[in-house]
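S.K.: Have a look at this one before I ask anything.
Each value in this text was obtained by applying a stated rule to the coordinates, not by laboratory testing. The structure presented is a predicted model; accordingly, all values stated were derived computationally and were not measured. Using ideal geometry, Cβ is built from the backbone for each residue, glycine included, and neighbour counts are taken over all protein chains shown.
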Amino acid sequence: RVEAFLPQQEVEQPENELYSGISSLASTLKRSDSGIRRNEEKISDISTSLETPSVVELVNKILMLAVNQNASDIHAESTQSGARIRFRIDGVLADRVELDGQTASSFISRLLIMAKLDITEKVMPQDGSFKVTCENKDIEFRIACMPGIYGQNIVLRLLSGAEAVKLELGNIGMLNDELRIITTTTKFPHGMVLVAGPTGSGKSTTLYGVLEAIADPKMKFITIEDPVERRINGVQQIQVRVNRNEPERSLTFARGLRTILRLDPDIILIGEIRDAETAQIAIQASLTGHMVLSTIHANSSVETLRRLENIGIDFHLMMSSLMLVFAQRLLRKLCPECRSMRQASEKEASLLKDLRTTTVYEPKGCPACMNMGYRGRTGIFEFLQISDTIRDMVAQKGLTDSLHYIRESRLRTLLESALIKVAAGDTDFVELERVCGPCL
């Protein structure tokens, strides 16, 4: 049995039709041909039961629904009675489909086969990927599989890597003064810019936007990424490759970066600084005439400096090359079609007093936003320019004794950036507190 948890406006049939099996799910999720096909070679050594139209159609419809709803991830979570399918949309998980035991088993096995993984493996985790073409768009799905007490738990990450895209920093939420800092900093011929934040905070998207903003046919741009999430015209993009059977044949960030330095680049984008070796090579690149852009897992711009100090490299050498650090998060945007205005509460007005507004907006829900009240996301940023004063202070006093001055040197905090978005009606206090923590 299949149970669908869909926004009310998408359910056009009588409710009992939602519970009549896979065929009715297909007509409920998307009342059209699947429009989706594998664009890799055919897998022939699979059981007939997993290639039956009902199983294939079920998988295709769920993948297509995720693409159409702009989901970033599909979660297939095994339960005692089957599996629950959830989509992560704008950073938040939403129930979509409930599968019974046999249907869940077939669904998960079909995904594993598409990714060329072992459907008999019940103990060890597995990773893989597959590509499909959906409505003339190439979509890559990266799959992570972990066995649980009720069966396999799978997460599919959607990557539109085959599309050449153009991103504008203003469209991802940067304010004018932040845009000026980015533009000015990246005009220097060498140095390092780091974007900090947790997984899913939009760091890679921001760096793609930076590359688009500074694009110049007279310069050479090279990236090394894991994975290449989007293709950018005029940029040489390299994918990290891990060969578990022959580690010496793996292309790591560090190994790839050493080779990139011999390819005469002007701008280098490193997907992530994960270890001391990659950080050290990045520093050398920035000190030898290259502008280096990268990301790092840290919660704030100040914490990024602590992370770099503890990573096991020459911290003072790092500070000499570092020009800009900024942390970021993503906030869901209120649906402009249905958001409703109200008077701010006393506590809300107190937080917004410097922004001179006494009204705020809150979500309502309509067909345009699938009754969620939110549609799309916007970035909030915490910029820290590394000035000569900061470098000298850290060199003389050390990082710990310089933290107060460094904190005061930030353009604005993440909370202050979020409050600007609340005052503008782009988001609400509920979303602000979800991302930034309690403040009311």
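S.K.: Using 7 Å Cα-to-Cβ label points, what is the LEU415/ASP264 separation (nm, one decimal)?
M.R.: 5.2
S.K.: Roughly how many whole Å is it from the C-alpha centroid of region 259-305 to that of region 79-116?
M.R.: Between the Cα centre of region 259-305 and that of region 79-116, the gap is 38 Å.
S.K.: Per residue, what volume in Å³ does the convex hull of the Cα atoms of the chain enclose?
M.R.: Considering the Cα atoms of the chain, their hull volume per residue is 171 Å³.
S.K.: Would you compute, from DSSP H runs of 4+ residues alone, the mean residue ellipticity of the chain at 222 nm, taking -39500 (n - 2.57) per run and dividing by the full residue count, rounded to the nearest 500?
M.R.: That calculation yields -9000 deg cm²/dmol at 222 nm.
S.K.: While we're looking at this one, here's another question. Among GLY128, THR295, LEU156, whose Cα projects farthest towards the positive end of the dipole of the chain, with charges put on the beta-carbon of Lys, Arg (+1) and Asp, Glu (-1)?
M.R.: Positive-end residue among those listed: THR295.
S.K.: Right, here's the next one. For region 168-238 and region 377-438, what is the centre-to-centre distance using only Cα atoms, to the nearest Å?
M.R.: Centre-to-centre (Cα) distance: 20 Å.
S.K.: Another question, if that's okay. Taking Cβ-Cβ under 4.7 Å as the only way to count a partner, pick out the unpartnered cysteines of the chain.
M.R.: When partners are defined as cysteine Cβ atoms under 4.7 Å apart, the chain leaves CYS134, CYS145, CYS436, CYS439 without one.
S.K.: Just to confirm the number: angle between the C-alpha axis of helix 176-185 and the first principal axis of the chain, 0 to 90 degrees, nearest 10?
M.R.: On a 0 to 90 degree scale, this one is about 70.
S.K.: Helix 53-68 versus the longest principal axis of the chain: what is the Cα-based angle in degrees, 0 to 90, to the nearest 10?
M.R.: 30
S.K.: When the dipole is taken about the Cα centre of the chain, and only Lys, Arg (+1) and Asp, Glu (-1) are charged at their Cβ, what size is it in debye, to the nearest 20?
M.R.: 420
S.K.: Can you compute the FRET efficiency between LYS122 and THR184 using 1/(1 + (r/R0)^6), with r the Cβ-Cβ distance and R0 = 51 Å? Round to the nearest 0.05.
M.R.: According to the calculation, E is roughly 0.40.
S.K.: With a Förster radius of 22 Å, plug the Cβ-Cβ distance of HIS404 and SER350 into 1/(1 + (r/R0)^6) and report the FRET value to the nearest 0.05.
M.R.: Between HIS404 and SER350 the formula returns 0.30.
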